[in-house]
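Worksheet: the structure to be examined is printed underneath.
The values are calculated or read from the model by the stated rules, or taken from the named source; none is laboratory data. Fair warning: this is a prediction, and the values are worked out from it, not measured in the lab. Cβ placement follows ideal geometry from the backbone for every residue including glycine, while neighbour counts extend to all protein chains displayed. Accessible surface is based on the protein model in full, side chains and every heavy atom, while ligands, DNA and RNA are left aside. Shrake-Rupley method; radii C 1.70, N 1.55, O 1.52, S 1.80 Å.
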Amino acid sequence: MPARLLPGTGVRVRRGRRRDLPQLRVVLGAPVTDRLERFYRRILADLGMDVYVAEDPEGAIVGVVSLAYRRSLVRGGVSAFLDGVRTREAPAVLEGLVAFAEERARRRGCCRLAAWVETGDGELRAALIARGYRVGELLTTDLALDRPGAA
């Protein structure tokens with residue numbers, strides 16, 4: 001899919017690439033580790049995920065949106081999961097990335113798009129509710145990993 005300009009911004013969205021990883025770490029606020037580097041490379045290569053970056057006119061990455069796709073036995077068909085949206089720009093970029101994610105999920109044949117929103121991410125929560133997302137019930141737990149260096 002060729003790069004596309006987000007309406008009302010000078011920002012274009014394109015598929016994420018391996019060479020974007022250093023800038024993605026900055027946008028995500030992630031530390032530099034070999035393990036994390038391998039993990040990001042696997043996500044970018046995973047056919048069940050889409051990672052798109054938002055670039056300003058100078059080529060700096062100012063946002064990222066990622067989607068995960070899964071077949072659903074209960075719902076029937078394919079569902080998309082908005083894995084995350086992060087920006088370093090104005091709210092118009094965040095809203096544009098959410099709209100882009102919705103369009104991308106539709107094009108992949110998804111009948112549902114759900115979003116994981118961290119408790120402190122009020123800006124994303126507000127943007128989703130403004131677009132008609134319903135607040136539902138999501139039950140989560142953190143699983144302890146039995147391997148050295150797992151956090």
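Numbers for the structure displayed
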| item | result |
| --- | --- |
| Residues of region 1-22 that turn out to be under 17 Å from the mean Cα position of the chain (by Cα) and open to solvent by 50 Å² or more (accessible area, probe 1.4 Å), as a count | 7 |
| Subset of region 27-45 [surrounded by 12 or more Cβ atoms within 10 Å (Cβ to Cβ) and of a type in the set (Val, Ile, Thr)] | 27, 43 |
| Matching residues in region 75-124 - criterion: being among the hydroxyl-bearing types (Ser, Thr, Tyr), open to solvent by 70 Å² or more (accessible area, probe 1.4 Å) and under 21 Å from residue 40 (Cβ atoms) | none |
| Test: residue in region 35-45 that is under 18 Å from residue 96 (Cβ atoms) and free of Cβ contacts under 8 Å to residues at least 60 places away in the same chain | no |
| Selected residue (criterion: modelled with the lowest pLDDT) from residues of region 11-59 that are over 17 Å from residue 84 (Cα atoms) and among the β-branched types (Val, Ile, Thr) | 32 |
| Residue within region 78-94 that is among the aliphatic types (A, V, I, L, M), more than 25 Å from residue 7 (Cβ to Cβ) and without any contact (Cβ under 8 Å) to a residue 40 or more places away in the chain present | yes |
| Residue in region 142-151 that is assigned to a loop (DSSP other than H, G, I, E, B), under 21 Å from residue 26 (Cα atoms) and open to solvent by 40 Å² or more (accessible area, probe 1.4 Å) present | yes |
| Unmet criterion (only one of (1) in contact with a Ser or Thr (Cβ under 8 Å, 6 or more places away or on another chain); (2) open to solvent by 30 Å² or more (accessible area, probe 1.4 Å); (3) of a type outside the set (Asp, Glu)) for residue 133 | (1) |
| Residue 72 being under 15 Å from the mean Cα position of the chain (by Cα) and polar (S, T, N, Q) | no |
| Among (1) touching a residue at least 24 places away in the same chain (Cβ under 8 Å); (2) among the β-branched types (Val, Ile, Thr); (3) in contact with a Lys or Arg (Cβ under 7 Å, 6 or more places away or on another chain) - the single one residue 32 does not satisfy | (1) |
| Residue satisfying all of: in region 46-74; of a type in the set (D, E, K, R) and within 13 Å of residue 23 (Cβ to Cβ); surrounded by the most Cβ atoms within 10 Å (Cβ to Cβ) among these | 55 |
